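Visitor: Once you've had a glance at the structure underneath, I'll fire off some questions.
The values are calculated or read from the model by the stated rules, or taken from the named source; none is laboratory data. The structure displayed is predicted, hence computed values, not measured ones. Cβ coordinates were reconstructed from backbone atoms using ideal geometry, including for glycine residues, and neighbour counts include every protein chain displayed. Side chains included, ligands, DNA and RNA excluded: accessible areas come from the protein's heavy atoms. Shrake-Rupley method; radii C 1.70, N 1.55, O 1.52, S 1.80 Å.
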Amino acid sequence: MIKIAIIIGSTRPGRLGESVAHWVNEIAQKRSDASFELVDIKDFNLPLLDEPMPPSLGKYSQEHTKVWAAKIDPFDAFVFVTPEYNHGTSGALKNAIDFLYKEWNNKVAGFVGYGSAGGTRAVEQLRLIMAELQVATVRSQVMLSLFTDFENMSVFKPDPRKEQSLNSMLDQLIAWSTALKTVRPA
Ligand SMILES: Cc1cc2nc3c(=O)[nH]c(=O)nc-3n(C[C@H](O)[C@H](O)[C@H](O)COP(=O)(O)O)c2cc1C
């Protein structure tokens, strides 16, 4: 069974990301072609990157890095739920990504972005970051608008069509996860 992490990319008190990620998880749990788990970067209390060696060497020295690496390693694919901050992803998510290397390699990512323009600029930035980590990114993405998918720009009430958009992205994610699994050591 393909294992997929739904990663909450914001850590801010009062973040909207939490309700978005729970919606993703609720829809994903109805599927039987993969298993899904919510992963909240906030739970890992990662400081700004404090590893002396580049993560690509895999010589993690800090306990928090080892715990984060052990969490990410077993997954075949990731759904990044990302806010858009100043036309990019959140610093917290970029920092959490930077901590690791091989735990991401030869896997697959899909995106759920939210913001005034559907989080599209944050997702474009994440696609570049994923390329360096040898993560394949699927074309379909979920774009949630602060104006039409949130009441008063604060209460998450997604347009019902967004469920189909999410499932299209998950279809691609699962297909590619199955393919990429074959290039990783057993
Ligand atoms: C530092 C900061 C920068 C932001 N910049 C953008 C932006 O460039 N584009 C955008 O669409 N929304 C921007 N916003 C609005 C966010 O999309 C909105 O606050 C959203 O709720 C953030 O996600 P979160 O609540 O999960 O943290 C910004 C918000 C913050 C806090």
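Visitor: Kindly sort Ser10, Ser116 by accessible area of their heavy atoms, largest first, with the probe set to 1.4 Å.
Guide: So, going from the largest accessible area down, we get Ser116, Ser10.
Visitor: May I ask you to derive the relative contact order of the range 121-186, considering only C-alpha pairs under 8 Å and at least 6 residues apart, and to give it as an integer percent?
Guide: 28
Visitor: A further question follows. Check each of the trypsin sites (Lys or Arg not before Pro) in the range 87-168 and keep only those in coil by DSSP with at most 11 other C-beta atoms within 10 angstrom; list them in order.
Guide: Sites meeting the loop and neighbour criteria: Arg161.
Visitor: Cα atoms only, the chain: Rg and Dmax in Å?
Guide: Here Rg and the maximum Cα pair distance are 15.7, 48 Å.
Visitor: Now a separate question. Can you list which of the chymotrypsin sites (Phe, Trp or Tyr not before Pro) found in the range 129-186 are DSSP loop residues with at most 11 other C-beta atoms within 10 Å?
Guide: Hits after loop and neighbour filter: Phe147.
Visitor: Regarding the range 61-114, what whole-number volume in Å³ per residue does the convex hull of its Cα atoms give?
Guide: Expressed per residue, the convex hull around the Cα atoms of the range 61-114 is 83 Å³.
Visitor: Considering only protein heavy atoms, what per residue accessible area in square angstrom results for the range 3-181 with a 1.4 angstrom probe?
Guide: So the range 3-181 comes to 46 Å² accessible per residue, rounded to a whole number.
Visitor: So which helices of the chain fit the span-like rule, where a helix is a whole DSSP H run, its Cα atoms reach 15 Å or more along the axis, and its mean Kyte-Doolittle is at least -0.5?
Guide: Flagged H segments are 17-28, 120-132, 162-181.
Visitor: Let me ask something additional. Can you give the charge dipole size of the chain about its Cα centre, rounded to the nearest 20 debye, using +1 on the beta carbon of Lys and Arg and -1 on the beta carbon of Asp and Glu?
Guide: In debye, rounded to 20, the chain gives about 280.
Visitor: Could you run the Karplus curve 6.51 cos²θ - 1.76 cosθ + 1.60 with θ = phi - 60° over the range 48-61 and give me ³J(HN,Hα) per residue in whole Hz, x for Gly and Pro?
Guide: 4, 2, 10, 8, x, 9, x, x, 5, 7, x, 9, 6, 10
Visitor: Let me ask another. Would you mind calculating the gained length between Met153 and Lys59 on full extension (0.36 nm times residue separation, minus the Cα-Cα distance), in nm to one decimal?
Guide: 29.5 nm
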